[in-house]
1. Please work out how much length the chain gains when fully extended from residue 65 to residue 198, using 0.36 nm per residue of separation minus the C-alpha to C-alpha distance, in nm with one decimal.
2. Roughly how far apart, in whole Å, are the Cα centres of the stretch 160-239 and the stretch 67-109?
3. What is the packing order of peptides 119-128, 40-49, taking the mean over residues of other C-beta atoms within 10 Å and listing the highest first?
4. Working out 0.36 nm times the residue gap between residue 53 and residue 18, then minus their Cα-Cα distance, what length gain in nm do you get to one decimal?
5. Which residues does a label at residue 125 reach in the stretch 186-205, if reach means a backbone N under 19 Å from a point 7 Å past the Cα toward the Cβ?
6. Ordered by packing density, taken as the mean number of other Cβ atoms within 10 Å over each peptide's residues, highest first, how do 29-35, 215-221 rank?
7. Treat every Asp and Glu Cβ in the chain as -1 and every Lys and Arg Cβ as +1, leave all other atoms uncharged, and give the resulting dipole magnitude about the Cα centre to the nearest 20 debye.
8. Per the Kirkwood definition applied to all pairs of different Cα atoms, how many angstroms is the hydrodynamic radius of the stretch 80-171?
Amino acid sequence: MRDAPQIRPIRPLRPGGVIPAQIALTAAGGALLIAASGTVLAGDAAGVMAGIAAYLLVCGAVAALMGRSYPHHRIGGCNAVTLLRAALTCALLAPLVTGQTAGWAVAGVAGTALVLDGVDGHLARKSGFVSRFGARFDMEVDAALALVLSLHVIAGTVVGPEILVLGLARYGFVLAGTVLPWMRADLPDRRWRKVICVVQIAALILLQLPVLTPDQAIWLARIAALLVVASFATDIRWLWMRRP
């Protein structure tokens with residue numbers, strides 16, 4: 001969740017073009033998705049509204065950032081899928097608000113978001129809409145999904161706060177970069193980093209299910225946490241060795 005492709009220089013978009021309209025259309029679909037899935041997950045209007053409000057904030061931020069740093073004239077199917085993944089992540093806020101955490105429904109929504117994670121990248125490469133913005137957007141949605149699922153695990157299972165290693169690792173990395181400039185350098189694309197990201201999310205999804213014994217859940221959380229820590233440690237070491 002830390003690498004971004006090297007692309008051609010970015011040209012700013014004219015404000016008020018087709019991008020905001022496409023984002024607004026996707027946002028409407030995402031809000032309907034949250035309303036439908038949030039009702040199943042929580043059955044509470046307050047939780048659903050919280051998810052929709054969070055999603056609309058995300059869409060507003062995406063529209064603003066695309067206007068400054070996106071090189072294409074349309075959002076493309078790839079970014080539309082990532083926006084829908086963000087909607088599914090926001091839908092998972094509804095059961096957190098109402099206290100109906102973890103379980104099969106949460107795992108199903110999160111599993112759908114994980115499957116779509118492979119779709120947006122494929123669409124970007126196939127359509128030629130690869131961009132640094134899209135890679136970063138995809139990464140941040142992954143990080144947000146990991147954090148929300150970690151909160152579900154803490155609130156709804158026997159696993160303790162140590163699971164936050166999976167949910168906060170990305171944010172700790174970014175925070176460290178605010179005080180250590182050498183940690184903000186671009187990282188090379190590595191397949192193993194993507195594999196560990198999938199393992200991280202998959203482990204968090206499995207931990208939502210009531211089929212694991214307490215010991216199995218705790219060991220799964222520990223193994224996934226070790227993999228994530230090792231991944232970040234490897235990248236930090238790479239950056240440290242190449243610092244100015």
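The values are calculated or read from the model by the stated rules, or taken from the named source; none is laboratory data. Fair warning: this is a prediction, and the values are worked out from it, not measured in the lab. No Cβ is skipped: glycine too gets one built from the backbone with ideal geometry, and neighbour counts run over all protein chains shown. Just so you know, the surface numbers come from the protein's heavy atoms only, side chains and all, with ligands and any DNA or RNA stripped out. Shrake-Rupley method; radii C 1.70, N 1.55, O 1.52, S 1.80 Å.
1. Details: separation 133, 0.36 × 133 = 47.88 nm, distance 2.62 nm.
Going from the current span to full extension adds 45.3 nm.
2. About 20 Å separates the Cα centre of the stretch 160-239 from the one of the stretch 67-109.
3. On the way: 119-128: 15.8, 40-49: 18.2.
Highest mean packing first, the order is 40-49, 119-128.
4. Numbers: separation 35, 0.36 × 35 = 12.60 nm, distance 2.33 nm.
Difference between extended and current length: 10.3 nm.
5. It comes to 187-199, nothing else.
6. Numbers: 29-35: 19.7, 215-221: 16.7.
So the order, starting with the most tightly packed, is 29-35, 215-221.
7. On the way: 21 positive and 12 negative charges, 232 e Å.
Rounded to the nearest 20 debye, it is 1120 debye.
8. Details: mean 1/r = 0.0726 Å⁻¹.
Evaluated on the stretch 80-171, it is 13.8 Å.
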